[in-house]
Amino acid sequence: MQKILGFNRQVPWPVHFTSTVGCPENISRARRDFAPGFMPGCYIQAINGIRFGEGVRVGPRVMMISANHSLDNLEVHDQAPPIVIESRCWIGAASIILPGVHLGEHTVVGAGSVVTKSFPEGNCLIVGNPARVKRALGAAPISAPK
């Protein structure tokens, strides 16, 4: 669909035809084989940038929004730090990540959570709206077993 019908044609990695990836040039990926938007129904807006570490997993219908509209002028986006998702994070289905959020290594975002602030310490499960630490997690393995 991406090449035939032109959905997300500007994105240099595979994207599901029901997903939208905006400003892919502002997305940095630690691994070239990681494809943000590959799962169905994702909305990824990278006006202020998004950085992904290694081994990140993103569920279906996840939204990552790196820039809000200005309240004074809806034609303008507010400046904010990029979204940073460090290595071995898992973003559960239908979660929302908002501008400037930094998720430390091995942060698991529960399905349907709204992440409005950063959790740079990592090794935690965050859930809810707004997301809060539910519990600490052990350190993630460096690489997955094969």
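Worth a mention:
- Any hit, the range 49-64, residues being within 21 Å of Ser113 (Cβ to Cβ), among the acidic types (Asp, Glu), touching a Lys or Arg at 6+ places or on another chain (Cβ under 9 Å) and in a loop (DSSP other than H, G, I, E, B): no
- Cβ separations smaller than 6 Å between residues 6+ apart or across chains give the following pairs from the range 1-13 residues that are among the aliphatic types (A, V, I, L, M) to residues that are crowded, with 17+ Cβ neighbours inside 10 Å and modelled with pLDDT of 85 or more: Val11/Val21; Val11/Pro24.
- Condition check for Pro81: out of contact with any Leu (no Cβ under 8 Å at 6 or more places or on another chain), in a loop (DSSP other than H, G, I, E, B), closer than 14 Å to Val21 by Cα and in contact (Cβ under 8 Å) with a residue 24 or more places away in the chain: no
- Val84 vs. criteria closer than 24 Å to Arg32 by Cβ, in contact with a His (Cβ under 7 Å, 6 or more places away or on another chain) and among the hydrophobic types (A, V, I, L, M, F, W, C): yes
- Within the range 119-132, the set of residues being of a type outside the set (S, T, N, Q) and either more than 15 Å from Trp90 (Cβ to Cβ) or modelled with pLDDT under 95 (or both) comprises Pro120, Glu121, Gly128, Pro130, Arg132.
- Gly37 satisfies every condition listed in (1) crowded, with 17+ Cβ neighbours inside 10 Å; (2) more than 18 Å from Gly100 (Cα to Cα); (3) in contact with a Lys or Arg (Cβ under 9 Å, 6 or more places away or on another chain); (4) without any contact (Cβ under 8 Å) to a residue 60 or more places away in the chain except (3).
- Any hit, the range 99-120, residues being touching a residue at least 12 places away in the same chain (Cβ under 8 Å), in contact with a Phe, Trp or Tyr (Cβ under 8 Å, 6 or more places away or on another chain), assigned to a loop (DSSP other than H, G, I, E, B) and more than 20 Å from Tyr43 (Cβ to Cβ): yes
- For the range 8-24, the condition holds for at least one residue, the condition being that it is touching a strand residue (DSSP E or B) at 6+ places or on another chain (Cβ under 8 Å) and small (Gly, Ala, Ser).
- Contact map, the range 17-30: first residue under 14 Å from Ile85 (Cβ atoms), second residue surrounded by 15 or more Cβ atoms within 10 Å (Cβ to Cβ) and at pLDDT below 95, Cβ cut-off under 8 Å, separation 6 or more or different chains; pairs are Arg29/Trp13.
The values are calculated or read from the model by the stated rules, or taken from the named source; none is laboratory data. Being a predicted model, the structure only gives us computed values, none of them experimental. Here Cβ is always computed from backbone atoms with ideal geometry, including for glycine, and neighbour counts include all displayed protein chains.
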